[in-house]
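Taken together, the values in this text are just the output of simple stated rules run on the coordinates, not laboratory data. Because the structure is predicted, anything quoted here is derived from the model rather than measured. Don't worry about glycine lacking a Cβ; one is built from the backbone with ideal geometry, like all the others, and counts go over all protein chains shown.
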Amino acid sequence: MKACSYCGKPNADEQVFCTGCGTQFVTEETPEEAPSQSRSTPKLSESSPSPIQDAEPLDVSAIDMGFSMVEGFSRPNWSGIRKCIEELFPEANQPQAWLQIARQWLTQLCEDLGGNYFCYESDRFLLLSAETDEHSQAILQIAEQALTGLRERLGNVAWQWRHGKAVILVFNEEDDYYSYISFFGEDGPNILSGGAFIKKDYAHLALPFKSVSVTKLVIVHELTHNCLRHLPIPTWLNEGVCRRMERENVPRRGSVVLDRELAGEHHAWWNETNIQDFWAGRSYYNPGEASKLSYSLGEILVEVLSEDWGSFLDFLAHADYRDAGQDAALKFLGRSLGDAVAGFLGPGEWRPNRKAIAERMVAQKDKSASEASQM
């Protein structure tokens, strides 16, 4: 018998792939390309069953990960991987193939980061972490519970991923975290970030570790982004729902959507011109008051518009970023977004303007392209 270096499960000597996790055993014909993990991958027995948990391991050795080293991290060739998986495996086997590929990816990231980084696994999540076993298992349990709660709350609106398991990368150094997410153009210049949902390629969460309690808040927020990833919704709605889910899942003492001081800041800041920056999502990427008050205004609007949660979910499912959700609000909520803002900021021309939104989106893309060319 031989034990798998990744999950620790005993296997017959003739096994080529681990019957527990699908990891390929190193032989003379298959030279070792990545370091093995000295810790096992803990399973959380109380987690919800995974549809691929008991799937038979597949031979994924023909799939070239296509790693390229960019900014200190091995970046897989996800488009090539996707093509290979779709060509080599029937649809029913593709989730298991994605799971095994994701394990290889995290193993490589462990090598890139060095130190005490290890891979952990629960029913629906893969975790890369340098924290203690106790903290790492707590993070997985937080993620499992949060995902269950989010799917119950969001119902059919929540995205149901069909491949592999969700991935969470927890960095113990903020410098490593910012270096990692900068590759994806996340969060813009000068915007401090507590975590990021990476929608591109193999969707995953990344965050710097500060404490288990802070990590819980970040995971709920970013998992909500993950659940909404398939919807073409405006930024204000996306972020507002994330804030709403934070409050419902991580109660905080003294946490209020609005107080007198914050209301005063809103009244002093917003006008009929810069409100279009908010509707277009552009103001979220401007550091300082613009970003702070944009997150706050989105949260306020979600609170105002979601009195009837069922109707709000219909609105959420149909809102379109091109008009900031105005048409969907009229159809499913029976009110204009401009009127909703007016109820808070007072009379004014607060309604989303399609032309103004389009112009601001083009300007933001041009700005981002210019900044990228100067890097």
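If you take the square roots of the eigenvalues of the alpha-carbon gyration tensor of the stretch 36-230 and sort them as a ≥ b ≥ c, do you get rounded (a/c under 1.5), prolate (a/b over b/c) or oblate? It comes out rounded by the Cα gyration axes.
Applying the Karplus relation 6.51 cos²θ - 1.76 cosθ + 1.60 with θ = phi - 60° to the stretch 335-343 yields 3J(HN,Hα) values of 8, 7, 5, x, 5, 4, 5, 4, x Hz, where x marks Gly and Pro. Amide H contacts of residue 167 (H built 1.01 Å from N, in plane; Pro and chain starts excluded): 126, 205 sit under 5 Å, all sequence-distant by 5 or more or on other chains. Only alpha carbons enter this Debye calculation for the stretch 190-344, each as an equal point scatterer, and the log10 of I(q)/I(0) it gives at q = 0.12 Å⁻¹ is -0.52. With θ taken as phi - 60° and the Karplus curve 6.51 cos²θ - 1.76 cosθ + 1.60 applied, the whole-hertz 3J(HN,Hα) list for the stretch 291-302 is 5, 4, 6, 5, 4, 5, 5, x, 5, 4, 5, 4 Hz, x standing for glycine and proline.
Per-residue 3J(HN,Hα) values for the stretch 265-273, derived from phi via the Karplus relation 6.51 cos²θ - 1.76 cosθ + 1.60 with θ = phi - 60°, read 5, 4, 5, 6, 8, 7, 9, 6, 8 Hz in sequence order (x marks Gly and Pro).
Under 11 Å from a point 7 Å along the Cα-to-Cβ line of residue 320: which residues of the stretch 272-306 have their amide N that close? What the label zone holds, given the 11 Å backbone N cut-off, is no residue at all. Listed cross-link partners 331/355; 83/292; 199/331 are compared with a 31 Å cut-off, the Cα-Cα value being larger for 83/292.
Modelled spin-label separation between residue 61 and residue 91, with each label point placed 7 Å from Cα along the Cα-to-Cβ direction: 3.0 nm.
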